[in-house]
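Student: For reference, the structure I am asking about is given below.
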Amino acid sequence: MKAILLGTMATVAALSMTADRTPTYAEDIAPLVNERCADCHRPSGFAPFSLLGYEDVAKRTELIRRVTINRQMPPTDGWSSFGEVAVHSKLSDAELRMLQDWIRAGTPEGPKDKIPPAPQFEDDWRLGPPDQVVRLERPTAVRLAGNPYWRAYFVSLPDGLLERGLVAFDVKPLSPKAVRHVLIAQDPNAASTLMGFGFSTVGTLNVPGKHLIGTWAPGYRPLRLPPGSKLLLENSPLLVQIQYAPTGKYESGQVEIALYFAKGDEKRVASWSTLGKDDFTIQPEQSIVLEDTLVFGEDVEVVAVHAEARLFADQVNLITKIPGESDRTLLQIYAWKLDWVGAYNFAQPPKLPKGTTLTARIAYDNGRHAPANEEREKPGLVTSGPTLMDEIFKVHVLSVRAQ
């Protein structure tokens with residue numbers, strides 16, 4: 001679903017125009033919304049409401065003010081010193097000031113003839129026609145109401161495809177507003193009795209990194225490997241975990257998965273490496289940072305990062321130490337949100353030389369003011385484990401030998 005912005009004014013130009021006048025929707029806010037928000041906030045988009053016109057924006061100013069000033073929106077909050085990992089970057093301080101000034105001024109619409117056309121959207125697959133589209137066999141309907149929740153399904157692949165290897169995938173939910181996240185993995189131990197209607201999960205599947213394929217989330221780019229590389233597939237079904245978000249009505253739980261297979265000249269094999277710890281505790285009123293490292297034994301290109309944590313996690317950081325250079329941030333997730341886990345696929349995979357040390361850190365908060373403790377009388381002991389109120393520390397990194 002690629003957005004084609006028609007006549008959208010560059011954000012920088014819009015900001016420079018507001019230095020000596022009151023911002024208006026026509027000249028300042030509409031270009032910003034078209035560029036940063038419209039991909040999801042449109043009638044058939046992932047967000048719960050559209051922001052494609054002045055009335056849609058003006059009537060939600062208090063909500064917009066709140067979710068932008070505390071950096072909840074745009075939700076793609078990953079950052080890297082190696083380049084783009086999120087399609088829609090965070091609003092800058094100057095953009096936030098412009099938005100607040102517009103709201104304080106009473107949301108002036110400005111000259112109607114200067115309102116840029118709303119973006120147009122294509123519903124074709126973003127990576128072009130896929131080699132194969134697979135669907136869940138018998139998905140359950142999304143619940144009517146309640147908190148986001150997770151279900152997992154097994155999906156069989158047609159014969160003759162597994163041996164080719166995978167180079168890319170993308171996802172289309174039939175009910176975009178009801179799907180927050182999709183994880184795709186392989187499970188060679190999948191039991192046929194679990195196929196069909198699927199089963200409930202608790203946020204993370206704890207799949208070994210070597211079986212992971214990748215993750216998808218609305219507002220993020222699809223996973224595509226660098227030219228000449230592929231992910232090997234095992235003789236097993238796909239394991240598909242979906243995070244559903246009830247919308248107030250029953251929705252289809254179905255998703256379509258577009259698969260792109262190797263053509264035969266892909267010589268480099270991509271693989272996932274996992275950093276993390278399995279046995280740890282977080283005492284009541286304690287904040288801790290868990291850390292693990294790995295050293296790359298060859299020159300690599302880093303394609304994607306997928307972190308796994310639950311309710312007590314606060315922030316995720318991956319730091320690189322290249323021999324002879326200063327530390328750099330491979331990925332920082334400013335505010336971990338289990339009900340909105342991103343799919344951090346690099347626009348241009350960074351190249352890291354042999355001997356680079358990668359350190360993964362996840363910060364956890366078990367204090368009385370931590371969101372996970374809001375409904376508790378007092379914090380309790382948190383241990384690593386399989387339930388939603390347990391914790392997990394895993395960071396998976398997809399890489400391939402550099403050319």
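The values are calculated or read from the model by the stated rules, or taken from the named source; none is laboratory data. Predicted, not measured: the structure shown is a model, and the values here were computed from it. Counting neighbours? That spans all protein chains shown, and the Cβs are built from the backbone with ideal geometry, glycine included.
Student: Say whether the condition of being crowded, with 17+ Cβ neighbours inside 10 Å, out of contact with any Phe, Trp or Tyr (no Cβ under 6 Å at 6 or more places or on another chain) and of a type in the set (Val, Ile, Thr) is met by at least one residue in the stretch 156-175.
Tutor: no
Student: Could you say whether any residue in the stretch 26-39 is closer than 16 Å to PRO218 by Cα, at pLDDT below 90, in contact with a Ser or Thr (Cβ under 9 Å, 6 or more places away or on another chain) and in a loop (DSSP other than H, G, I, E, B)? Can you show your working first?
Tutor: Step one: filter the stretch 26-39 for residues closer than 16 Å to PRO218 by Cα, giving 35-39.
Filter once more, keeping what is at pLDDT below 90: 35-39.
Checking which are in contact with a Ser or Thr (Cβ under 9 Å, 6 or more places away or on another chain) leaves us with 35-36, 38.
Going one step further and asking which of them are in a loop (DSSP other than H, G, I, E, B), we end up with 38.
Yes, the stretch 26-39 contains at least one residue that is closer than 16 Å to PRO218 by Cα, at pLDDT below 90, in contact with a Ser or Thr (Cβ under 9 Å, 6 or more places away or on another chain) and in a loop (DSSP other than H, G, I, E, B).
Residue-wise test of (1) modelled with pLDDT under 95; (2) among the basic types (Lys, Arg); (3) not in a strand (DSSP E or B).
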residue: SER236; (1), (2), (3): yes, no, yes
residue: LYS249; (1), (2), (3): yes, yes, yes
residue: LYS263; (1), (2), (3): yes, yes, yes
residue: VAL269; (1), (2), (3): no, no, no
residue: GLY276; (1), (2), (3): no, no, no
residue: GLU291; (1), (2), (3): no, no, no
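Student: Sort out which residues of the stretch 386-400 are farther than 18 Å from SER287 by Cα and at pLDDT below 95, and write them in order of number. If you could, list the steps in order and put the result at the bottom.
Tutor: Taking the stretch 386-400 as the starting set, the residues that turn out to be farther than 18 Å from SER287 by Cα are 386-388, 395-400.
Result: PRO386, THR387, LEU388.
Student: Follow-up. Might you let me know whether the stretch 141-152 holds any residue that is within 23 Å of ALA343 (Cβ to Cβ), of a type in the set (A, V, I, L, M, F, W, C), out of contact with any helix residue (DSSP H, G or I) (no Cβ under 8 Å at 6 or more places or on another chain) and modelled with pLDDT of 90 or more?
Tutor: Of the stretch 141-152, the ones within 23 Å of ALA343 (Cβ to Cβ) are 142, 147-152.
Add one more test, that the residue is of a type in the set (A, V, I, L, M, F, W, C), and what stays is 142, 150, 152.
Right, trim to out of contact with any helix residue (DSSP H, G or I) (no Cβ under 8 Å at 6 or more places or on another chain) and you get 150, 152.
Pick out the ones that are also modelled with pLDDT of 90 or more and you get 150, 152.
So far as the stretch 141-152 goes, yes, one or more of its residues are within 23 Å of ALA343 (Cβ to Cβ), of a type in the set (A, V, I, L, M, F, W, C), out of contact with any helix residue (DSSP H, G or I) (no Cβ under 8 Å at 6 or more places or on another chain) and modelled with pLDDT of 90 or more.
Student: Can you tell me how many residues in the stretch 315-347 are acidic (Asp, Glu) and either more than 16 Å from the chain's Cα centre (by Cα) or crowded, with 19+ Cβ neighbours inside 10 Å (or both)?
Tutor: Our first condition is that a residue be acidic (Asp, Glu); within the stretch 315-347, this holds for 325, 327, 339.
Filter once more, so that each one left must be either more than 16 Å from the chain's Cα centre (by Cα) or crowded, with 19+ Cβ neighbours inside 10 Å (or both): 325, 327.
Residues meeting the conditions: 2.
Student: Something else: For the stretch 131-220, which strands (runs of 3 or more DSSP E) that fit wholly inside it have 1 or more residues that are in contact with a Leu (Cβ under 7 Å, 6 or more places away or on another chain)? It would help to see each step written out before you state the result.
Tutor: On the way: elements: 132-135, 149-155, 166-173, 179-186, 199-201, 212-216.
Ranges flagged: 132-135, 149-155, 166-173, 179-186, 212-216.
Student: List the residue pairs whose Cβ atoms are under 9 Å apart, where the first residue sits in the stretch 357-386 and is closer than 30 Å to GLU325 by Cβ and outside the structural domain of VAL316 (by TED's automatic domain parsing), the second is of a type in the set (Ser, Thr, Tyr) and in a helix (DSSP H, G or I), and the two are 6 or more positions apart or on different chains.
Tutor: From residues that are closer than 30 Å to GLU325 by Cβ and outside the structural domain of VAL316 (by TED's automatic domain parsing), there are no pairs.
Student: For TYR220, which of the numbered conditions (1) within 15 Å of the chain's Cα centre (by Cα); (2) on the phi > 0 side of the Ramachandran plot fails to hold?
Tutor: So the condition that TYR220 fails would be (2).
Student: For the stretch 317-403, list the strands (runs of 3 or more DSSP E) that sit wholly inside it and hold at least 3 residues that are in contact with a helix residue (DSSP H, G or I) (Cβ under 9 Å, 6 or more places away or on another chain); which are they? Let's see the steps before the verdict.
Tutor: Details: elements: 328-333, 357-365, 393-401.
Those strands (runs of 3 or more DSSP E) span 393-401.
Student: Do you know which of the residues in the stretch 89-121 that are among the acidic types (Asp, Glu) and over 17 Å from ARG36 (Cα atoms) is surrounded by the fewest Cβ atoms within 10 Å (Cβ to Cβ)? Step through it out loud before you land on a result.
Tutor: Just the residues of the stretch 89-121 that are among the acidic types (Asp, Glu), to begin with: 93, 95, 101, 109, 113.
Still in the running and over 17 Å from ARG36 (Cα atoms): 101, 109, 113.
Details: ASP101: 14, GLU109: 16, ASP113: 6.
Step by step, filter the stretch 89-121, then rank; the result is ASP113.
Student: Could you tell me how many of the residues in the stretch 278-288 are under 18 Å from GLY380 (Cα atoms) and loosely packed, with under 12 Cβ neighbours inside 10 Å?
Tutor: If we filter the stretch 278-288 for residues that are under 18 Å from GLY380 (Cα atoms), which is where we start, we get 279-288.
In the following step, the residues that additionally are loosely packed, with under 12 Cβ neighbours inside 10 Å were identified as 279.
Residues that pass the stated criteria total 1.
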